[in-house]
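Written below as structure tokens is the structure these notes are about.
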Amino acid sequence: MKAFEDAKGRRWELSLTIGSAKRVLEKLGVNLLEPEGGEPPLLTRLGADAMLLCDVLYVLCEPQAEKNAVSDIDFGESLGGDAIREAMQAFYEELIYFFQQSGRPDRAKMVQKQREMIRLAVQNAEGLVDRIDTQEEVLKAFGLASGSSQG
């Protein structure tokens, strides 16, 4: 069981079981037990869509949320910045653990690879943004870029 803390200091425990996976499937139509399923694959969608991830996390934590009278809106409000990153890490670790323990090391590796792909995609995107010459872009917008005729 993996855990994370939200922005309000509440601790949430994630436990992926057949029961919790069925709950996610029934409420969201998301089959956590087939991370390679769909187009794009579920792992890719979860890594790219923070709202979908938040919904999945809420359903996984729903028994705790109900016990503590935390609505899905309040749950989502508490998952900004560091909290969503920590929650995503805990979620991926719980998926990896579940698949390793259930004899599906192939699926555990898929999750590990997805985490690595996200890390590399963010790193590459930062590099691309860093290379943007803002002065040159402003000049281009006004038709004054180097090499263009001034009129």
*In the stretch 84-107, which residues are in contact (Cβ under 8 Å) with a residue 24 or more places away in the chain, charged (D, E, K, R) and closer than 19 Å to C61 by Cα?*
E86, E93, E94
*Could you name every one of the helices (runs of 4 or more DSSP H) located completely within the stretch 42-151 that has at least 2 residues being over 20 Å from the mean Cα position of the chain (by Cα) and over 22 Å from T17 (Cβ atoms)?*
105-130, 134-141
*Which of (1) crowded, with 19+ Cβ neighbours inside 10 Å; (2) closer than 16 Å to V30 by Cβ does F75 not meet, given it meets every other one?*
(2)
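I'd like to know if the stretch 138-147 contains one or more residues that are among the basic types (K, R) and either closer than 28 Å to E36 by Cβ or at pLDDT below 80 (or both).
Of the residues in the stretch 138-147, the ones among the basic types (K, R) are 140.
With the extra rule that they be either closer than 28 Å to E36 by Cβ or at pLDDT below 80 (or both), the set shrinks to none.
No, the conditions are met nowhere in the stretch 138-147.
Does the stretch 78-101 hold any residues that are of a type in the set (G, A, S) and surrounded by 14 or more Cβ atoms within 10 Å (Cβ to Cβ), and which are they? Break it down stepwise before answering.
Going through the stretch 78-101, the residues of a type in the set (G, A, S) turn out to be 78, 80-81, 83, 87, 90.
Within the stretch 78-101, S78, A83, A87, A90 qualify.
Out of all the residues in the stretch 11-22, which are within 19 Å of the chain's Cα centre (by Cα) and surrounded by 12 or more Cβ atoms within 10 Å (Cβ to Cβ)?
Scanning the stretch 11-22 gives W12, E13, L14, S15, L16, S20, A21.
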_Need pairs with beta-carbon distance below 8 Å; first residue over 18 Å from P41 (Cα atoms) and within the stretch 117-130, second charged (D, E, K, R) and assigned to a helix (DSSP H, G or I); sequence gap 6+ or separate chains._
none
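The values are calculated or read from the model by the stated rules, or taken from the named source; none is laboratory data. Since we're looking at a predicted model, the values are computed, not measured. Don't worry about glycine lacking a Cβ; one is built from the backbone with ideal geometry, like all the others, and counts go over all protein chains shown.
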